Amino acid sequence: MSAAENFRAIMAEIEDARKKRTVANEEEIILIAVTKNHGVEVMREVIDAGAKNIGENRVQEAAEKFQVLNREVTRHLIGHLQTNKAKQAVKLFDVIQSVDSEHLAAALDKAAAQIGKIQDVLIQVNIARESQKSGVLLEDLNSLISFVDGSKNLRLRGLMMIAPNFSDVEECRPLFRQMRKLFDELKTSRNGFDYLSLGMTHDYKIAIEEGANVVRLGTAIFGERSLLNGNHRQV
Ligand SMILES: *Cc1c(COP(=O)(O)O)cnc(C)c1O
């Protein structure tokens, strides 16, 4: 199947899953087409098939592709961001999902102020405490939230999490559930706190059952990325 056909099939499947769930089933679910390592042609293909949101994980790659994309779409940064790329990221992305330190938040706030932008951000939570993963630890979450709240040019829109790569994907379920609980608690006292970004190709069905309202899918739409070379682009 083509990327466009996959995209439409997954949209339909997500809508069915949304109706079946009991958790927050009134919420829309946003499907982010993760186009990292893929060329501009397939980006246009899924956007023309109805994709409203795309995700990229590297600033440099995104900059090159956005320059020639020539389509209206909401652009999400889903990968780890270094503070020295904050300026560029703020110019390129509508939502930065990977805020995980005060240092980074401060750099983004400053960069956004310089171009007169209010930058939408999510805080990435490392709920599984994986040492190799980015994301703020649970015990540091509240102080990071306060810091972002105090940053005039940032607007906190929700939370993001990347689940561990368990061989039994069911092990993700309690983590997703814990994230939804955290999200609901924070949401009661906040405005515009709308996004809970959980779920990738191998675990998104469970993420939706447990209350995710943003899923980030690459492989399910575009097929396997090259494992040999991270810079490989399929055009
Ligand atoms: C690459 C990536 C995805 C998409 O992964 P797939 O398994 O291909 O769906 C989702 N989220 C993040 C943060 C990623 O880096």
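The values are calculated or read from the model by the stated rules, or taken from the named source; none is laboratory data. The structure presented is a predicted model; accordingly, all values stated were derived computationally and were not measured. No Cβ is skipped: glycine too gets one built from the backbone with ideal geometry, and neighbour counts run over all protein chains shown.
Tabulated data for the structure shown
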read-out	value
Whichever residue in the stretch 200-223 is in a loop (DSSP other than H, G, I, E, B) and more than 8 Å from the ligand (Cβ to nearest atom) and, among such residues, is modelled with the lowest pLDDT	Gly223
Flag for Ile162 being within 30 Å of Ala49 (Cβ to Cβ), within 16 Å of the ligand (Cβ to nearest atom), in contact (Cβ under 8 Å) with a residue 24 or more places away in the chain and part of a loop (DSSP other than H, G, I, E, B)	yes
Test result for Gln67, assigned to a helix (DSSP H, G or I), away from the ligand (no atom under 15 Å from the Cβ) and under 30 Å from Met11 (Cα atoms)	yes
The stretch 32-52 - residue that is within 11 Å of the ligand (Cβ to nearest atom) and surrounded by 21 or more Cβ atoms within 10 Å (Cβ to Cβ) and, of those, nearest to the chain's Cα centre (by Cα)	Ile32
Residue match in the stretch 120-142 (condition: part of a helix (DSSP H, G or I), within 16 Å of the ligand (Cβ to nearest atom) and touching a helix residue (DSSP H, G or I) at 6+ places or on another chain (Cβ under 6 Å))	no
The stretch 170-199, residues that are more than 11 Å from the ligand (Cβ to nearest atom) and either among the aliphatic types (A, V, I, L, M) or touching a Ser or Thr at 6+ places or on another chain (Cβ under 6 Å) (or both)	Leu175, Met179, Leu182, Leu186, Leu196
Residue ID - surrounded by the most Cβ atoms within 10 Å (Cβ to Cβ), chosen from residues in the stretch 79-100 that are polar (S, T, N, Q) and closer than 22 Å to Val214 by Cα	Gln97
Qualifying residue in the stretch 194-216 (condition: more than 29 Å from Gly116 (Cβ to Cβ) and without any contact (Cβ under 8 Å) to a residue 12 or more places away in the chain)	no
Some residue of the stretch 226-234 being of a type in the set (A, V, I, L, M, F, W, C), away from the ligand (no atom under 12 Å from the Cβ) and buried (at least 16 other Cβ atoms within 10 Å of the Cβ)	no
Residue that is modelled with pLDDT under 95 and not aliphatic (A, V, I, L, M), where the choices are Arg173, Arg233	Arg233
Total residues in the stretch 53-78, condition surrounded by fewer than 23 Cβ atoms within 10 Å (Cβ to Cβ) and touching a Ser or Thr at 6+ places or on another chain (Cβ under 6 Å)	1
Residue that is more than 16 Å from the ligand (Cβ to nearest atom), surrounded by 20 or more Cβ atoms within 10 Å (Cβ to Cβ), assigned to a helix (DSSP H, G or I) and without any contact (Cβ under 8 Å) to a residue 60 or more places away in the chain, where the choices are Leu108, Leu104	Leu108
Residues of the stretch 10-36 satisfying the condition of being closer than 20 Å to Thr74 by Cβ and touching a helix residue (DSSP H, G or I) at 6+ places or on another chain (Cβ under 9 Å)	Ile10, Ile14, Arg18, Glu27, Glu28, Ile29, Leu31, Ala33, Val34, Thr35, Lys36
Check on Phe93, within 19 Å of Leu196 (Cα to Cα) and among the aromatic types (Phe, Trp, Tyr)	yes
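Here's the yes/no breakdown for (1) of a type in the set (S, T, N, Q); (2) assigned to a loop (DSSP other than H, G, I, E, B); (3) touching a helix residue (DSSP H, G or I) at 6+ places or on another chain (Cβ under 6 Å); (4) within 15 Å of Val121 (Cα to Cα):
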residue	(1), (2), (3), (4)
Val42	no, no, yes, no
Ile47	no, no, no, no
Glu61	no, no, no, no
Gly79	no, yes, no, yes
Lys91	no, no, no, yes
